[in-house]
Protein chains: 2
Amino acid sequence: MKGKMRCTKCNEKAVISIRSRHRILCEKHFLEYFINTVEQTIRKYSLIKKKDKVLVAVSGGKDSLTLCDVLLKLGYDVSGLYIDLGIERQRYSKESRRKVEKFSSVKGVELNIVDLKKEYGVSVPLLARRSPRSVCSVCGIVKRHEMNRIAFNNNYDVLATGHNLDDEVSVLMSNLLHWNFDLISRQSPRLEGWHPKLSLKVKPLCLLTEKETAMYAITNDIDYMLYDECPFSEGSTSITIKEALNRIEDRSPSTKLYFYTEFLKHRSMFESLHDRSRVSDCEVCGFPTTSKKCAFCRIIERG
Amino acid sequence: MKGKMRCTKCNEKAVISIRSRHRILCEKHFLEYFINTVEQTIRKYSLIKKKDKVLVAVSGGKDSLTLCDVLLKLGYDVSGLYIDLGIERQRYSKESRRKVEKFSSVKGVELNIVDLKKEYGVSVPLLARRSPRSVCSVCGIVKRHEMNRIAFNNNYDVLATGHNLDDEVSVLMSNLLHWNFDLISRQSPRLEGWHPKLSLKVKPLCLLTEKETAMYAITNDIDYMLYDECPFSEGSTSITIKEALNRIEDRSPSTKLYFYTEFLKHRSMFESLHDRSRVSDCEVCGFPTTSKKCAFCRIIERG
């Protein structure tokens, strides 16, 4: 950001240049733009209703804490959910838990904590060592299951996650590179709970970039995990895809936003191949699965 | 290529490592593999019949000369078509024309030449200066029109171009980034001539990479244009996309091949939106257009 840039709205000193939207904004107008964009996203995709009890999955990173903060500002009834995965490398779980607890106490947000060690006597790295799956795969299963479990048990109406535009675009690209129609058809800012135990899942930051959520967190003095990515994700394909997309965006600003929003308009064409006829309830936890026991319960059993 | 690598087929000194296909090959087995792959591509997608008169569009680059060479080896009835675009920058047209003429005389291939200056008194850079379109857009219109014209006027059965896997994948990615359904649905190794004046168009190198066609040209002593890309394409988005895809391929070998071949299996799902009801014949040249005059004739008129 060049020091001489001026806000295109008020000519004050600018803090950010958003090339994809042809905007250069000062702090005040950036925050206004950011909150408005979240509000519009919620309205456009019918993500949250005013009386909903919202559970926000908070990791301690910039995206989820920013999401929590904005939803509070917009007047929603928000609680947090932190899942302590027991990742000791780089003190990842300890540090991120501390950030989340600090944020919640400052903002007065009710915080649900699932501590895998206390709850199940395991950690994600331990489960991954005992599983043929990758750490990231095990972690995804654990987080999805526990988010669904807490949302269901505590009667939350909607589960919100901090996925930003860069996350969504990189996942979409990866799914297209592999023509994974099942995953493509389910990628949406709003994923209906299609089983009695599954909550509605929403992504209110999906039209805002990583750079924008970081700027929001910084200008709002949110103390977040600076090394955003988990230590296990280093060198992952998703990071390579993000970098590749950043180069394309740099060359052709707004490619990401157009790619994602146009995809959402045409998403239904990918839906034909979806088949839920083989789904039943897990005999241990009751959540949907295509086996007798769900992937989570099998992983925990082995751990 | 490390000097110590050995051919996985015969243990001779290897000349190429093809990670996407888990092969390390010596010169002899590489050429065998390359020619077999072209033959299989032709068979799999029904590209050329043995008695077809084939017109190969040759630019002087490695891909089109390699294509011509392989089709000759496979015993097809091949002629070349060179379009002299009149690009003086970096002596591009002069040099490439010289390469094509040399190749054709050495191989005894009949060569059709369209010289834009002689034929229409213009060059692509001149036409582009007088048009609101970009140089690459004007050039594409001119080349497509002239390829179709020569193929039709000289009764060729099929028009073959040297597009390789990297070209196809980068175009596919670009069309997906823009959700250009019309272009996506028409991207195929075999594009039927859907109008009486349009020939069948085929891409027999579409499953081989840029690296592989370069290696074929080098090991066959084909004298080709070393700076493959036209001087006007420098810094183009397509090159950015190619680089981005190269990084992903480097991280996850065979991504490109899978992305492209799986796309071809599902291509028909993109076809619904195609509409040719508005097409009529150009009043000047008779080729299909959605206006009274086709884009080519309008550009030439202005030039």
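Annotations
- Check on B:VAL142, touching an Asp or Glu at 6+ places or on another chain (Cβ under 6 Å), away from chain A (no Cβ under 14 Å) and among the aliphatic types (A, V, I, L, M): no
- So A:ILE16, is it buried (at least 21 other Cβ atoms within 10 Å of the Cβ) and at pLDDT below 95: no
- Any hit, segment A:231-240, residues being within 13 Å of chain B (Cβ to nearest Cβ), on the phi > 0 side of the Ramachandran plot, at pLDDT 95 or above and out of contact with any Leu (no Cβ under 9 Å at 6 or more places or on another chain): no
- Residues of segment B:49-92 classified as in contact with a Lys or Arg (Cβ under 8 Å, 6 or more places away or on another chain), closer than 20 Å to B:PHE34 by Cα and of a type in the set (D, E, K, R), total: 2
- Candidates B:SER79, B:SER17, filtered to the one that is closer than 30 Å to B:ALA128 by Cα, of a type in the set (Gly, Ala, Ser) and assigned to a strand (DSSP E or B): B:SER79
- Residue in segment A:131-154 that is at pLDDT 95 or above and not in a helix (DSSP H, G or I) present: yes
- No other residue among B:ALA151, B:ALA160 is away from every other protein chain (no Cβ under 14 Å), buried (at least 22 other Cβ atoms within 10 Å of the Cβ) and more than 15 Å from B:CYS68 (Cα to Cα) apart from B:ALA151.
- Among the residues of segment A:249-274, those that are more than 20 Å from A:THR213 (Cβ to Cβ) and at pLDDT 90 or above comprise A:ARG251, A:SER252, A:GLU262, A:PHE263, A:LYS265, A:HIS266, A:ARG267.
- Total residues in segment A:1-50, condition small (Gly, Ala, Ser) and closer than 20 Å to A:GLU249 by Cα: 2
- Test: residue in segment A:24-31 that is assigned to a strand (DSSP E or B) and over 25 Å from A:LEU198 (Cα atoms): yes
- The listed residues are A:ILE24, A:ILE35, and the only one of them that is buried (at least 19 other Cβ atoms within 10 Å of the Cβ) and either among the hydrophobic types (A, V, I, L, M, F, W, C) or in contact with a Gly (Cβ under 6 Å, 6 or more places away or on another chain) (or both) turns out to be A:ILE24.
- Within segment B:163-183, the set of residues being away from chain A (no Cβ under 14 Å) and assigned to a loop (DSSP other than H, G, I, E, B) comprises B:HIS163, B:ASN164.
- Filter result for B:THR209 (over 17 Å from the mean Cα position of the chain (by Cα) and touching a residue at least 40 places away in the same chain (Cβ under 8 Å)): no
- Looking across A:ILE83, A:ILE48, one residue alone is over 15 Å from the mean Cα position of the chain (by Cα) and either on the phi > 0 side of the Ramachandran plot or buried (at least 16 other Cβ atoms within 10 Å of the Cβ) (or both). It is A:ILE48.
- Residues of segment B:112-148 satisfying the condition of being more than 14 Å from B:LYS201 (Cβ to Cβ), surrounded by fewer than 18 Cβ atoms within 10 Å (Cβ to Cβ) and within 19 Å of the chain's Cα centre (by Cα): B:ILE113, B:CYS136, B:SER137
- B:LYS102 vs. criteria among the charged types (D, E, K, R) and more than 13 Å from B:ASP115 (Cα to Cα): yes
- Residue that is farthest from the other protein chains (Cβ to nearest Cβ), among those in segment A:247-268 that are more than 26 Å from A:ARG190 (Cβ to Cβ) and without any contact (Cβ under 8 Å) to a residue 60 or more places away in the chain: A:ASP250
- When residues of segment B:184-213 are limited to those that are assigned to a helix (DSSP H, G or I) and more than 14 Å from every other protein chain (Cβ to nearest Cβ), the one modelled with the lowest pLDDT: B:ARG186
The values are calculated or read from the model by the stated rules, or taken from the named source; none is laboratory data. Just so it is clear, the structure is predicted and the values come from calculations on it, not from any experiment. Cβ: placed from backbone, ideal geometry, glycine included. Neighbour counts: every protein chain shown.
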